[in-house]
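Worksheet for the structure shown next.
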Amino acid sequence: MRIGIIGAGALGGTFAALLDRVGHEVVVTARGAQLAAIRERGLRLEGGYGEVLARVRAEEALPVTPDLALLAVKAQDAAAAAAQNARALDGVPVVVVQNGLQGPQALAAVLPTSPRTGAASMIAASFLSPGVVTVTAPGVTVLAAETATAAQRDAAAAVLGAVVEVRTAPDLAGLQWSKLVVNQLNAASAITGTPLQAALESRALTTAVAAAMRETIRVARADGVRLEGLPALPPALIRAIDRLPLPLASRVLRRGVAARMGDVPNPGSTLQSLRRGRPTEIDHLSGAVVAEGERLGVPTPVNRRIVEVVHAIEATGAFLPAGEAARALQA
Ligand SMILES: NC(=O)C1=CN([C@@H]2O[C@H](COP(=O)(O)OP(=O)(O)OC[C@H]3O[C@@H](n4cnc5c(N)ncnc54)[C@H](OP(=O)(O)O)[C@@H]3O)[C@@H](O)[C@H]2O)C=CC1
Ligand SMILES: CC(C)(CO)C(=O)C(=O)O
């Protein structure tokens with residue numbers, strides 16, 4: 001099968017290398033130093049799925065029409081990346097692998113004829129230098145259809161499921177909000193400049209993360225969303241984060257979501273952007289919680305502080321020690 005991957009960074013690069021390894025014809029799009037490195041040396045995948053050197057074709061835009069496409073750029077780049085490839089993607093099933101609430105819904109105007117599916121991935125992949133992606137923890141990827149039919153979603157799930165663990169979920173919004181709860185972990189590592197595991201060693205900071213998750217859960221509920229899309233976030237954990245006193249909730253959080261992150265240091269995707277000097281996705285993570293909270297009348301002071309602090313770090317490069325980070329997030 002010919003598979004087009006738009007945005008061969010951390011996750012796009014992971015899928016590209018793994019799909020190449022099992023014999024698909026993989027064509028990727030990339031830009032800047034990443035494009036040059038893939039063309040010169042191939043795409044090297046290391047870590048949890050083994051070592052792969054994928055000699056995939058890399059271009060600025062898809063030169064051919066694929067049978068299936070994955071769009072795996074940051075939320076703020078998605079519409080432009082889709083528009084750049086709109087002709088090649090006409091009518092092609094597209095899986096949008098993205099955190100935040102926009103996903104495939106934001107591409108309706110750009111890719112009107114593509115059956116679209118959203119994907120929330122728990123794979124932790126690091127892209128810190130051109131041409132090399134390291135999987136620090138394999139994980140499940142969950143697919144939920146937007147305009148795709150269940151059959152088209154399942155067909156995409158079968159292709160991806162041959163190389164990583166894949167599940168499907170019935171409700172895209174429930175899946176996206178569930179992942180947004182989990183992504184509150186990103187803030188801790190982005191603000192401290194340390195891997196997730198190290199950031200969560202601080203009780204005070206984990207408590208702040210639990211508070212941000214609680215706000216996210218409450219905004220989702222006010223929006224009528226059922227958070228049941230991700231195996232990493234079972235109903236009992238959601239209840240605990242929502243209802244227990246925060247210090248207790250933070251302990252449950254550490255045992256639940258955080259424990260699934262494995263031992264290999266994972267600089268979440270937000271910290272990776274900071275380390276590469278790229279804009280972060282924070283406006284589409286905590287920023288989305290703030291915007292939806294405003295619309296629905298649910299207070300989100302911790303998420304608001306996260307957005308402010310991460311933007312300050314984008315501007316100054318000055319990370320905060322964990323205790324200071326926890327204080328900075330106190331509303
Ligand atoms: N990394 C992870 O472990 C996980 C990430 N996610 C989510 O998956 C999505 C992708 O994240 P991730 O893989 O980390 O992101 P990366 O930044 O590592 O990869 C995206 C790549 O796409 C490139 N890109 C952006 N626009 C274009 C374009 N128009 N044409 C070609 N290339 C383009 C970027 O270039 P440039 O660097 O120049 O901007 C970058 O190299 C995000 O929504 C993220 O939140 C979800 C789960 C885990
Ligand atoms: C699953 C997790 C937390 C992996 O690091 C992620 O979604 C991210 O880094 O954006």
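The values are calculated or read from the model by the stated rules, or taken from the named source; none is laboratory data. All figures in this text were calculated on a predicted structure; none of them were measured in a lab. Note: ideal-geometry Cβ built from the backbone for every residue, glycine included; neighbour counts use all protein chains shown.
With respect to the conditions (1) under 20 Å from T280 (Cα atoms); (2) surrounded by fewer than 20 Cβ atoms within 10 Å (Cβ to Cβ); (3) in contact with a Leu (Cβ under 6 Å, 6 or more places away or on another chain), G193 lacks only one, and its number is (3). Here A155 qualifies as modelled with pLDDT of 95 or more and under 28 Å from L111 (Cβ atoms). Candidates are the residues of segment 66-108 that are of a type outside the set (K, R) and over 30 Å from N186 (Cα atoms); the one that is surrounded by the fewest Cβ atoms within 10 Å (Cβ to Cβ) is G91.
Which residues, taken from segment 110-149, are more than 17 Å from L185 (Cβ to Cβ) and among the small types (G, A, S)? Residues satisfying the conditions are S114, G118, A119, S129, G131, A144, A145, A148. On the stretch given as segment 66-94, residues that are touching a Ser or Thr at 6+ places or on another chain (Cβ under 6 Å) and within 16 Å of ligand 2 (Cβ to nearest atom) total 0. If the condition is being near ligand 1 (Cβ under 9 Å from one of its atoms) and not hydrophobic (A, V, I, L, M, F, W, C), then segment 61-75 contributes only K74. Figure legend. Inter-residue proximity from segment 258-270: first residues charged (D, E, K, R), second residues within 12 Å of ligand 1 (Cβ to nearest atom), beta-carbon distance below 8 Å, spacing 6+ or different chains. Indicated pairs: R260/M122; R260/A137; R260/G139; R260/A232. Checking each residue in segment 221-253 for being assigned to a helix (DSSP H, G or I), surrounded by 15 or more Cβ atoms within 10 Å (Cβ to Cβ) and touching a residue at least 60 places away in the same chain (Cβ under 8 Å) picks out only I241.
Taking segment 258-292 as the range and being outside any helix (DSSP H, G or I) and under 15 Å from the mean Cα position of the chain (by Cα) as the test, the residues that pass are N266, P267, G268, P279, T280, E281, L285.
Here's the yes/no breakdown for (1) in contact (Cβ under 8 Å) with a residue 24 or more places away in the chain; (2) surrounded by fewer than 21 Cβ atoms within 10 Å (Cβ to Cβ); (3) away from ligand 1 (no atom under 16 Å from the Cβ):
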{"residue": "A150", "(1), (2), (3)": "no, yes, yes"}
{"residue": "V166", "(1), (2), (3)": "yes, yes, no"}
{"residue": "N186", "(1), (2), (3)": "yes, no, no"}
{"residue": "T216", "(1), (2), (3)": "yes, no, no"}
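Taking segment 101-119 as the range and being farther than 19 Å from A16 by Cβ and aliphatic (A, V, I, L, M) as the test, the residues that pass are L101, A106, L107, A108, A109, V110, L111. When S202 is tested against (1) closer than 30 Å to A326 by Cα; (2) touching a residue at least 60 places away in the same chain (Cβ under 8 Å); (3) surrounded by 22 or more Cβ atoms within 10 Å (Cβ to Cβ), only condition (3) is not met.
Among the residues of segment 37-55, none qualifies, meaning not one is within 9 Å of ligand 1 (Cβ to nearest atom) and of a type in the set (A, V, I, L, M).
Of the candidates T149, T117, the single residue that is over 16 Å from the mean Cα position of the chain (by Cα), more than 16 Å from ligand 2 (Cβ to nearest atom) and polar (S, T, N, Q) is T149.
Residues checked against (1) in a strand (DSSP E or B); (2) in contact with a Leu (Cβ under 9 Å, 6 or more places away or on another chain); (3) of a type in the set (A, V, I, L, M, F, W, C):
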{"site": "V73", "(1), (2), (3)": "no, no, yes"}
{"site": "D90", "(1), (2), (3)": "no, yes, no"}
{"site": "V95", "(1), (2), (3)": "yes, yes, yes"}
{"site": "A119", "(1), (2), (3)": "yes, yes, yes"}
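In segment 300-310 there is at least one residue matching the filter, namely being more than 29 Å from L11 (Cα to Cα) and part of a helix (DSSP H, G or I). Restricting to segment 120-146, and then to whatever is β-branched (V, I, T) and within 16 Å of ligand 2 (Cβ to nearest atom), can you tell me which residue is surrounded by the fewest Cβ atoms within 10 Å (Cβ to Cβ)? Out of the qualifying residues, it is V140.
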